[in-house]
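Here the structure comes first, spelled out in structure tokens, and everything after it is commentary.
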């Protein structure tokens, strides 16, 4: 039987999570802790984030177990007592999760997820949850920018080969679909997540035939319903003329070529030339797909230069979020045993206690500003964004399908005013703190200065 | 039973690999193809690469199988014939692999791996092989720069939480160890790859206790052999004084504190202050570990500024290779059915045919220059770097252990002259083409211009 996510990855954690847990157990520290996951700042040119990865995080918490094999390994390190290993043998996550639904738009400092549980349980989950949620959120946030730049043209994820590993390849496909892409070239992602899959042909396919046009003909005959011909192997214009010949042969058989694909050179200029060649031969229905180094910036540039591109294949730069390959995100303890807590380390202050984010809209229904408040705090015109997804270690609501989350992304993204979607230097979306949170934050900070630094 | 790598990831490929394969099968194209994996150019400030990921690639090829489940999914797409699905059902990789051993130093345009097999087999493996080898090579190449900058100080991989997914987390731990790191915080990587694992404590551990010093005392009592205290939660200097108190309590019990850890602020200045506090209390044996945004640049800067740091924890920026999060690498068809092939697409010319890289050394045994030659070509003073690892789908030599590959990296890195290790703008290492390769390259290019573009 396949191991569950939580069984496969119980040890995919930092060693300190286990040594700290051993200390908590030794000290009988089992009170409830709340950890809050948030992003501390925007990477350059980013003004919003798209929440993604919750489904995996919940699946992990639900099934988190240490296998006999895991325990044998931990024992072999010589670091842990039998009592602690026995504790891990019976380990279950019994806590609760409040989170933004996948596809939500959110902003810096806002909690995307809060875990409350006996401290060992909430602490042990830190590494996996940051790893998964931050990656999917990173990719969804990057992909949404291409989605915006393409102005409705379909986008396909072609990133798998240069994504950072197998798991990143699957998550790039899922997260880009969530953020408006049409589908992916990644077959396993298609199978696992039920995504539409797309494909063209490689240069090696062309070069393996004695002549380019033979490669075109063979593909068109075997896959007439999904014929996309790559025309730049030797020369785009010569390639386009050969594609015309094959498209006419297809038409004579009652078939229709879908696309030609451009993969190198000046896409705007070449696409106009190729469009003209196709149109001049009555092939208005054959569309142009462009690939090769595309991201939101290159899409916008090619369209601004009058590129005649109907669809973009977006690869590496989206799949690794090349201009911002990580978020400055953190999963911080904000409350323990009823006591709100924070650290003071230079430049890294955390918002204390369990929180809620309320969103306010203008008269046209567009997003106006957010308020981060204490979870239980009464605010004027409440518009809470975080929902409870788990209690007692079990799901408290049915999760949306990926398609439903994608629809939710579309609906939310439409409410974000254009200014904040700018690809370069968007203004900051206004986010303020509620009076209750501000007061508590100040009080806790004063107490720590007094207690730990001897200040009065 | 656990599925093998090749069973889990047979579908982790681009759809076009399967549609092209279906065309080859239909056309009875089963002649031997050679694909060459290489990196087209250096990212900024890079002057060498460290080969990594071969062991996984070979494990994948050895076990590549399509499961019944995979075939059912492919059938459900409606794209493939029963004949093709039958072919996949019996699929085995039967080809050969020549490659640089892991830990090798190599340069742009040099093949890191060449796969020769019936074209369907060699083509189907493309996506997984690029994905895995390029990621591990990316991380090893980045980690080697920290290794160089740290001038012998031990380095620990702390990147897991912000690595791009679970697989990247494991590979970052493996590849950084290969490139000279001492170990990792990643427990699962420790288990799988038999790596030394290390840990400290989190800010949440400190804040979960009513007072910082209580947290220190509990940890020191439970883990006296691996006590590393994080001292910046509230204030580094106050934290250091509390660490002194706990270190003296440990000394009184006959124990020795290992490290204090700095995680924020001006590391160079703070480390000098903390060093003085420790030394003033006779704690010369307590070392200083620094973490927080380290990469080769920050390590070099802190050491140049007189930082008193004994060990660095290197995280996110190494784990995602933040300043160069992907390589412009390719797996290109270079020979099919005995015929050398290439594409001409703008700016992306490929070196044809099966190749070998020969390395030349100066009188002191240091690397002087490389020559890329045809595999069978006789060159003066041969010093071949690629070895055969697989034939007929089976390993032809025992693979080195990871520790042996790490030793090999050390031995090779020592032979690379200092100039090429510069962290900023290193000069290009000299790589030339052999006469045989140059001539063949020119001939094939002429033939294509004639055949495909109608030029004479």
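Take residue B:301, move 7 Å from Cα toward the beta carbon, and the resulting point lies 2.8 nm from the same point in each other copy, nearest first. Set against the 2.2 N^0.38 Å expectation for a compact globular protein, region A:333-456 has a Cα radius of gyration ratio of 1.32.
How far is helix A:236-252 tilted, in degrees, relative to the longest principal axis of the Cα atoms in chain A, given as a value from 0 to 90 rounded to the nearest 10? Taking the Cα atoms of chain A, the angle to A:236-252 is about 80 degrees. The angle separating the long axis of helix B:15-26 from the principal Cα axis of greatest extent in chain B is about 30 degrees. Please report the spacing between the Cα centers of region A:1-74 and region B:203-272 in Å, no decimals. Taking the Cα centre of region B:203-272 as reference, the centre of region A:1-74 is 24 Å away. Under the criterion of Cα pairs below 8 Å and six or more residues apart, the relative contact order for region A:311-423 equals 15 percent. Considering only alpha-carbon pairs that sit under 8 angstrom and 6 or more positions apart, the relative contact order computed for chain B is 21 percent.
Altogether, the Stokes-Einstein calculation at 20 °C and 1.002 mPa s, with the Kirkwood radius of region A:169-294 over Cα pairs as Rh, returns a diffusion coefficient of 140 µm²/s.
Separation of region A:130-170 and region B:293-353 by C-alpha centroid, Å? Taking the Cα centre of each part, region A:130-170 and region B:293-353 sit 21 Å apart.
What FRET efficiency comes out for the pair residue B:76/residue A:404, r = Cβ-Cβ distance, R0 = 25 Å, nearest 0.05?
On the way: r = 22 Å, r/R0 = 0.87.
Computed FRET efficiency for residue B:76 and residue A:404: 0.70.
Averaged over the residues of peptide B:129-139, the number of Cβ atoms from other protein chains lying within 10 Å of each residue's Cβ is 3. Sorting A:385-392, A:64-71, A:141-148 by average packing, meaning the other beta carbons within 10 Å per residue, from highest down gives A:141-148, A:385-392, A:64-71. Here the peptides A:128-135, A:273-280, B:52-59 are ranked by packing, the mean other Cβ count within 10 Å, and the order with the highest first is A:128-135, B:52-59, A:273-280. Inter-copy label distances at residue A:337, shortest first and taken from points set 7 Å along Cα to Cβ: 7.7 nm.
Partner shielding of B:184-195 amounts to 5, given as the average count of beta-carbon atoms from other chains within 10 Å of each residue beta-carbon.
As a length-normalised measure over Cα pairs under 8 Å and 6 or more apart, the relative contact order of region A:149-319 settles at 26 percent. Take each residue of peptide B:309-322, count the partner chain Cβ atoms within 10 Å of its Cβ, and average: the result is 2. Using alpha carbons only, how many degrees (0 to 90, rounded to 10) separate the axis of helix A:54-63 from the longest principal axis of chain A? Its long axis makes an angle of about 50 degrees. Take residue B:273, push a point 7 Å out from Cα through the beta-carbon direction, and compare it with the same point in every other copy: 6.4 nm, smallest first. When the inverse distances between all different Cα atoms of the protein assembly as shown are averaged and flipped, the Kirkwood radius reads 29.1 angstrom.
Computed from the coordinates by the stated procedures, all read-outs in this text should not be read as laboratory data. Predicted model, so just to flag it, every value in this text is computed and none were measured. Don't worry about glycine lacking a Cβ; one is built from the backbone with ideal geometry, like all the others, and counts go over all protein chains shown.
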